[in-house]
Amino acid sequence: MHTKSSTGIVALDAQAVRASVDLVERATARDLARPTPCADWTLHGLLRHMIAQHYGFAAASAGDGDLAQWMLRPLGDDPAAAYRAAAECVLDAFAADGALDREFPLPEITRDLMFPARQAISFHFVDYVVHCWDVARTLGLPVDLDPALLETALRVAQVVPGGAARLEPGAAFGPVVDWPGEPGGSAGSDLDEIVALLGRSPGWQAGFVPAS
């Protein structure tokens, strides 16, 4: 049984993933065609990416470094159910006995290194904090994440490598966005800083008025 201290990143990741499930479940079929803060993806494409990442990380937690585990999958007739299943798969994998004692192969990043479990899970964690924001902004919804969770996510985001690698095709994150905060306001929230550090403009709007 894991101690409280050893499960910190797993618990935080689970909070972020469950928040993403709650947001995805509010999307309708019509919403799938909406643009997202990820310039190349509609919500349909973003969900396929998010599902693929869940299954890829779940496989990595068991030592499976086959890049095919990260393939895009169809959403099917019930995208929310498909997303929920992928989320539960990765949450179960990270919570499994011994998962935190393993090294993860992450072939989307490199085939030359293995990553300690906590570091690999921190990658997944910060990615899904940002994807919560992506989905929420796409749908015109607020993001409700615990301040302590965001403090940890900000520390992770601050050490994500930048530079020219962010400009390469298939890069996980775009270049850092200069974001001074709202005009006339404060420097912005931790979530603003996280998404800006990872290549999104915190001021991005979907350009529609959500239904009441």
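The values are calculated or read from the model by the stated rules, or taken from the named source; none is laboratory data. Everything numeric in this text was worked out from a predicted model, so none of it was measured. Ideal geometry is used to build each Cβ from the backbone, glycine not excepted, and the neighbour counts take in all protein chains shown. Quick note on the areas: whole protein, heavy atoms, side chains included, nothing else; ligands and nucleic acids left out. Shrake-Rupley method; radii C 1.70, N 1.55, O 1.52, S 1.80 Å.
What to note about this one:
- Cβ pairs under 7 Å, 6+ apart, first in segment 106-124 and within 17 Å of H49 (Cα to Cα) and of a type in the set (K, R), second open to solvent by less than 20 Å² (accessible area, probe 1.4 Å) and assigned to a helix (DSSP H, G or I): none
- Restricting attention to segment 96-122, the residues that are of a type in the set (K, R) and open to solvent by less than 90 Å² (accessible area, probe 1.4 Å) add up to 1.
- Failed item, numbered, when G76 is tested on (1) in a helix (DSSP H, G or I); (2) farther than 27 Å from R200 by Cα; (3) touching a helix residue (DSSP H, G or I) at 6+ places or on another chain (Cβ under 6 Å): (1)
- The set of residues from segment 91-108 being over 17 Å from E25 (Cβ atoms) and assigned to a helix (DSSP H, G or I) comprises D92, A93, F94, A95, A99, L100, D101.
- When F125 is tested against (1) in contact with a Pro (Cβ under 9 Å, 6 or more places away or on another chain); (2) surrounded by 14 or more Cβ atoms within 10 Å (Cβ to Cβ), exactly one condition is not met: (1).
- If you go through segment 23-41 and keep only what is open to solvent by 60 Å² or more (accessible area, probe 1.4 Å) and not in a loop (DSSP other than H, G, I, E, B), you end up with R30, A33, P35.
- All positions within segment 160-205 that are modelled with pLDDT of 90 or more and of a type in the set (V, I, T): I194, V195
- Cβ-Cβ under 7 Å pairs, at least 6 apart or on other chains, segment 47-62 side under 22 Å from E103 (Cα atoms) and at pLDDT 95 or above, far side part of a helix (DSSP H, G or I) and of a type in the set (D, E): Q53/D127
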